[in-house]
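Heads up: the structure comes next, in structure tokens.
The values are calculated or read from the model by the stated rules, or taken from the named source; none is laboratory data. This structure is a prediction, so every number in the text was calculated from the model and none was measured. Note that we place each Cβ from the backbone using ideal geometry, even for glycine, and neighbour counts take in every protein chain shown.
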Amino acid sequence: MMADDRMDPASSGGWTDAAPATSAQQRMWLMDELAPDRAANHIPILYEVSEAFDVPAAQRALNHVIARHDALSARYVLGIDGLEQVRTAKAPELIVERASVDDDQEATDFVAAVVRREFDLERGPMMRASVAAVSGGRRLMVLVFHHLCIDGWSLRRVLDEIWTAYTSLGDRVAQVRETYFDYARRERRWLESQHAKSQLESLAESMREVPRVVRLPSSVERTVIGSDSTEGALHTATVSSSELEPLVRWCTDLRCTRFVMMLAVYTSLVRRISRMSDFLLAIPVANRTLRDMDTVGLFTNIVPVKVSAASAASLPDLVRTSQEAVLDALDWQAVPFDRVARRLSAPGQASRFCNVSFGMGDELDREPVAGLSRLPFEAYAPVRYDLAGYVTSGEDVTTLSLFSDPRVVAEHDACTWLDLWRDLVRNPEDLVSARG
């Protein structure tokens, strides 16, 4: 459906605003269109709620936040110039769905169905909420966001605003300083500038001599990331706070962030697996280049980080090279990842690029308000890389998650690599000897 077919002021609340989709949204939308199971781009948050939890107040809070952020209230349509995001004076209303189930298994099935149900991108909103009452008095609440409108930083901000509004509905939240639509227009102007084109050429040129694919044992040839997406395999391990103390001490001694240290650990793992000293890692970055940007949306970009530490002979050397690689990569964080991949592909051909990734983030608040307790939820794990490592820092434990493509990585290999990864996190002084 074309954007003009949706822009009727009489039916849309008096005015309509439209903006081009951002490069991150275009990449996400394309993966959504190509994915056999579109739940791959759904972000679920599961809570257990007490009898005192006020569902109508939660619904009002949800709609308050949807109306505040255009990324959440927008609809997504195909216009003359491609995907567009459209909003009107009246934001789409979210109604909290309610259901009653007989037991925990039915509750699990209900939550899974809510998570996997497709979003109507042309109607919105880009999130939904459901509450299931289980026989015996237990209640579950699940929030589901479409990744098209939100990233990790934004998710934390939105959840904080929702539960703040829930506890103080009389307070009016100030308007954001720059809307996501403003950002989308500004990004489009920059991407059409000579500066952006020069950055793309410089980045592509710097990548030409680096192997673009990590050689994993038993790897098989695949096409472009996302084009044949299936459900991946997920393996997790935890490291306690006491087990993490040696790594934290090294961070202090070497004056580096925990992210840099964890990246050094992960690259050492990849070197051990692949027997390669030089390769590219795909790392997601926030891509928030303006200070004090308070709007939410999908800003995240993926930067290819050049790992080259053949001469690193000590832990400080490995950390230093990791830190330098990250700082170099951040210079290019505004250059869309898909444009880099296309630029490095032969004409008329799709080549593989950055098949291994690494990311890190903090655990979400476990009890944001009284009567609400977040539950662990193992979401659908889409295949976007042959191997993807993610570190989640929590209050008591750090969780290591290893996602893998089962068509490329055997399960016993993934389990072995996860054990090695955990051992390296607990004993960072072994990083150099683990290079194999």
Original post:
Looking at region 353-407, which of the residues that are among the aromatic types (Phe, Trp, Tyr) and farther than 18 Å from residue 267 by Cβ is surrounded by the fewest Cβ atoms within 10 Å (Cβ to Cβ)?
Top reply: 377
Original post:
Taking residue 158, is it in the same structural domain as residue 96 (by TED's automatic domain parsing), assigned to a helix (DSSP H, G or I) and under 26 Å from residue 113 (Cα atoms)?
Top reply: yes
Subject >> Conditions (1) crowded, with 23+ Cβ neighbours inside 10 Å; (2) within 18 Å of the chain's Cα centre (by Cα): number failed by residue 268 >> reply: (2)
Original post:
In the set 357, 373, which member is closer than 30 Å to residue 194 by Cα, in contact with a Lys or Arg (Cβ under 9 Å, 6 or more places away or on another chain), at pLDDT 90 or above and of a type outside the set (D, E, K, R)?
Top reply: 357
**OP:** Looking for whichever is in contact with a helix residue (DSSP H, G or I) (Cβ under 6 Å, 6 or more places away or on another chain), not assigned by TED's automatic domain parsing to the domain that holds residue 298 and not hydrophobic (A, V, I, L, M, F, W, C) here; the options are 106, 48, 122, 118. Which one fits?
**Re:** 118
**OP:** Keeping to region 51-78, report how many residues are assigned to a loop (DSSP other than H, G, I, E, B), more than 22 Å from residue 156 (Cα to Cα) and of a type outside the set (D, E, K, R).
**Re:** 1
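Every residue in region 28-52 that is closer than 15 Å to residue 77 by Cα and modelled with pLDDT of 85 or more, please.
The answer is 28, 29.
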Subject >> Condition broken by residue 132, with the remaining ones in (1) within 17 Å of residue 54 (Cα to Cα); (2) buried (at least 21 other Cβ atoms within 10 Å of the Cβ); (3) small (Gly, Ala, Ser); (4) under 25 Å from the mean Cα position of the chain (by Cα) satisfied >> reply: (4)
Subject >> Filtered residue count, region 87-102, keeping only those that are surrounded by fewer than 17 Cβ atoms within 10 Å (Cβ to Cβ) and out of contact with any strand residue (DSSP E or B) (no Cβ under 7 Å at 6 or more places or on another chain) >> reply: 5
Subject >> Residue satisfying all of: in region 227-260; in contact with a Pro (Cβ under 7 Å, 6 or more places away or on another chain) and aliphatic (A, V, I, L, M); surrounded by the most Cβ atoms within 10 Å (Cβ to Cβ) among these >> reply: 247
Original post:
So which residues in region 180-196 are of a type in the set (Gly, Ala, Ser), over 22 Å from the mean Cα position of the chain (by Cα) and in a helix (DSSP H, G or I), if there are any at all?
Top reply: 196
Subject >> Single residue of 221, 192, 178, 205 found to be at pLDDT below 85, exposed (fewer than 13 other Cβ atoms within 10 Å of the Cβ) and either on the phi < 0 side of the Ramachandran plot or touching a Ser or Thr at 6+ places or on another chain (Cβ under 7 Å) (or both) >> reply: 221
Original post:
For region 36-52, does any single residue satisfy the condition of being of a type in the set (Asp, Glu) and either crowded, with 20+ Cβ neighbours inside 10 Å or over 28 Å from residue 371 (Cα atoms) (or both)?
Top reply: yes
**OP:** Note down all Cβ pairs under 7 Å where the first residue falls in region 260-286 and is free of Cβ contacts under 8 Å to residues at least 24 places away in the same chain, the second is surrounded by 20 or more Cβ atoms within 10 Å (Cβ to Cβ) and part of a loop (DSSP other than H, G, I, E, B), and they're at least six residues apart or on different chains.
**Re:** none
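Every residue in region 53-76 that is more than 14 Å from residue 297 (Cβ to Cβ) and either at pLDDT below 90 or not assigned by TED's automatic domain parsing to the domain that holds residue 29 (or both), please.
Matches in region 53-76: 67 only.
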